[in-house]
1. Among Tyr92, Tyr133, which is the only one that is hydroxyl-bearing (Ser, Thr, Tyr), open to solvent by 50 Å² or more (accessible area, probe 1.4 Å), at pLDDT 95 or above and farther than 15 Å from Ala27 by Cβ?
2. Can you list residue pairs whose Cβ atoms sit under 8 Å apart, with the first residue in the range 152-163 being at pLDDT 75 or above and the second being open to solvent by 100 Å² or more (accessible area, probe 1.4 Å)? Count only pairs 6 or more apart in sequence or on different chains.
3. Among residues belonging to the range 32-53 that are in contact with a helix residue (DSSP H, G or I) (Cβ under 8 Å, 6 or more places away or on another chain) and over 24 Å from Leu5 (Cα atoms), point out the one that is surrounded by the most Cβ atoms within 10 Å (Cβ to Cβ).
4. Being of a type in the set (Lys, Arg) and assigned to a loop (DSSP other than H, G, I, E, B) is the filter here, so list the residues in the range 122-145 that pass it.
5. Is it true that some residue in the range 111-127 is surrounded by fewer than 17 Cβ atoms within 10 Å (Cβ to Cβ) and farther than 27 Å from Glu4 by Cα?
6. Filter the range 9-50 down to the residues that are assigned to a helix (DSSP H, G or I) and without any contact (Cβ under 8 Å) to a residue 60 or more places away in the chain and list them by number.
7. Is it true that some residue in the range 140-157 is over 21 Å from Gly22 (Cα atoms), of a type in the set (D, E, K, R) and open to solvent by 90 Å² or more (accessible area, probe 1.4 Å)?
Amino acid sequence: RIKELALQISKDYFNKNLLLLGILRGAIIFLSDLSKQLKFPLIIDLMLLSRSTCNNNYKGEIKILKDLDRSIENYEILIVKDIINKGNTLNYLLDNLKLRHPKSIKICTLIDKPSLRQTNIKPDYNVFTVPNYFLVGYGLDYKQKYRYLPFLATLKKEILQYGGN
């Protein structure tokens, strides 16, 4: 599926000034595999965002912990994200990036969960659209664990319910 997606992205961005913007940490494996399938010159940069949590619920201020290493003015930006749930953090990021005057900004995600969306965000490219499952593997984590799995999986309810390891 990533190869198919890369083919479409290659058609859409061939001969354009593309910057793949990977959102750490979850997107790193997807970003790596996707970028290897794109057959034209591009630039990769990374950002890390954080949102304060309370009882495992994301609330509060969004912070940029690792910003871009370059100006994105006049670049075509393709944000590469692991998963889009509610869309609030991504909405914040889009507002922030627009102030930096890129030519365009589009979104590519491995997993899209539109049933959880609280914003008007829709990915321009996505690998899978799924219901509200808690997924791990292929970059997705639970308490920073399971990212290393070479596949996507759901966790047993007991682990989520009791916060087990």
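The values are calculated or read from the model by the stated rules, or taken from the named source; none is laboratory data. Just so it is clear, the structure is predicted and the values come from calculations on it, not from any experiment. Virtual Cβ from ideal backbone geometry, glycine too; neighbours counted across all protein chains shown. Keep in mind that these areas ignore ligands, DNA and RNA; they rest on the heavy atoms of the full protein, side chains included. Shrake-Rupley method; radii C 1.70, N 1.55, O 1.52, S 1.80 Å.
1. Working: Tyr133 fails: at pLDDT 95 or above.
Result of the check over Tyr92, Tyr133: Tyr92.
2. Sorted first by the residue in the range 152-163, then by its partner, the pairs are Thr154/Tyr133; Ile159/Asn165.
3. Leu49
4. We begin by selecting, within the range 122-145, every residue of a type in the set (Lys, Arg); these are 122, 143, 145.
Residues satisfying the conditions are Lys122, Lys143.
5. yes
6. Within the range 9-50, the first condition is being assigned to a helix (DSSP H, G or I), and the residues that meet it are 9-13, 28-37.
Matches in the range 9-50: Ser10, Lys11, Asp12, Leu31, Ser32, Asp33, Ser35, Lys36, Gln37.
7. Within the range 140-157, the subset over 21 Å from Gly22 (Cα atoms) is 153-157.
After this cut, where a residue has to be of a type in the set (D, E, K, R) as well, the list is 156-157.
Narrowing the set further to residues that are open to solvent by 90 Å² or more (accessible area, probe 1.4 Å) leaves 156-157.
Checked against the condition, which is being over 21 Å from Gly22 (Cα atoms), of a type in the set (D, E, K, R) and open to solvent by 90 Å² or more (accessible area, probe 1.4 Å), the range 140-157 yields at least one hit.
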